[in-house]
Amino acid sequence: MDEQRPFNHHSFQQFLNEHRLMGSRSASSGEVFLPPRPLDPSTYREDMEWVELSGEGRLVAYTAVHIGPTAMIEAGYDRKNPYVSGVVELVEGPKISAQILGVDATNPAAIAVGTPLRVTFVDRGKEEEKRTFLAFEVID
């Protein structure tokens, strides 16, 4: 049962591997957190519950990355093939950073803050090394 998973990064990654965007919601305040957390910082209560998020939101900040971490270099990104990393504000309220797909990373001036986005999941690696990464794509 999902409610039995602890509110930590490992559980969040398990949900991503299942292609589900899950956050935690405080039963007392109703505030939603992403990534999930085990404690509501405004009430200091641990009455959290898992909630599946819609995955829809809008771009609030971004940057084009030309020299990325090893995992992104292994995925084929480099100075000639940059990628965009951005902050997405979901309709449920929380903000999260992720790779932004469907934009031209070679022309960052053409990317607009406020662009509507939807969640997508990027699988990288094979077999035991396979991992799912959170990303958002432009809604046409």
- Query: Quick one: length gained pulling SER28 to GLU46 fully straight, 0.36 nm per residue minus the C-alpha distance?
  - Reply: 5.6 nm
- Of all GluC sites (Glu not before Pro) in region 1-106, which ones are in loop regions per DSSP and have a Cβ with at most 13 other Cβ atoms within 10 Å? GLU18, GLU46
- Query: Share of the chain's accessible area from carbon and sulfur, percent, 1.4 Å?
  - Reply: 49 percent
- Query: Given a 1.4 Å probe, how much area per residue of the chain is accessible, in Å²?
  - Reply: 58 Å²
- The relative contact order of the chain, taking Cα pairs under 8 Å that sit 6 or more residues apart, comes to a percentage of 21 percent
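Do any chymotrypsin sites (Phe, Trp or Tyr not before Pro) in region 27-124 lie in a loop, going by DSSP, with at most 15 other beta-carbon atoms within 10 Å of their beta carbon, and if so which?
Working: sites: PHE33, TYR44, TRP50, TYR62, TYR77, TYR83, PHE121; in loops: TYR44, TYR77.
Counting only loop positions with at most 15 other Cβ atoms within 10 Å, the chymotrypsin sites (Phe, Trp or Tyr not before Pro) in region 27-124 are TYR44.
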- Those trypsin sites (Lys or Arg not before Pro) in region 53-140 that DSSP places in a loop and that have at most 15 other beta carbons within 10 Å: ARG79, LYS80, LYS126, LYS130
- Assuming 1.567 mPa s and 4 °C, estimate D for the chain with Stokes-Einstein, Rh taken as the Kirkwood radius over Cα pairs, in µm²/s. 81 µm²/s
- Note on the structure: Quick tally, 1.4 Å probe accessible area for SER42, SER85, sorted with the most first, runs SER42, SER85
- Message: For a test of the definition: using alpha carbon positions, the gyration tensor, and the 1.5 limit on a/c, classify region 83-140 as rounded, prolate or oblate.
- Response: oblate
- Message: Taking the full set of protein chains and a 1.4 angstrom probe, give the accessible area of ASP123 in square angstrom, rounded to the nearest 10.
- Response: 70 Å²
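The values are calculated or read from the model by the stated rules, or taken from the named source; none is laboratory data. The structure presented is a predicted model; accordingly, all values stated were derived computationally and were not measured. Reconstructed Cβ throughout: ideal geometry from the backbone, glycine too, with neighbour counts over all protein chains shown. These area figures cover heavy atoms from the full protein model, side chains too; ligands, DNA and RNA do not enter into them. Shrake-Rupley method; radii C 1.70, N 1.55, O 1.52, S 1.80 Å.
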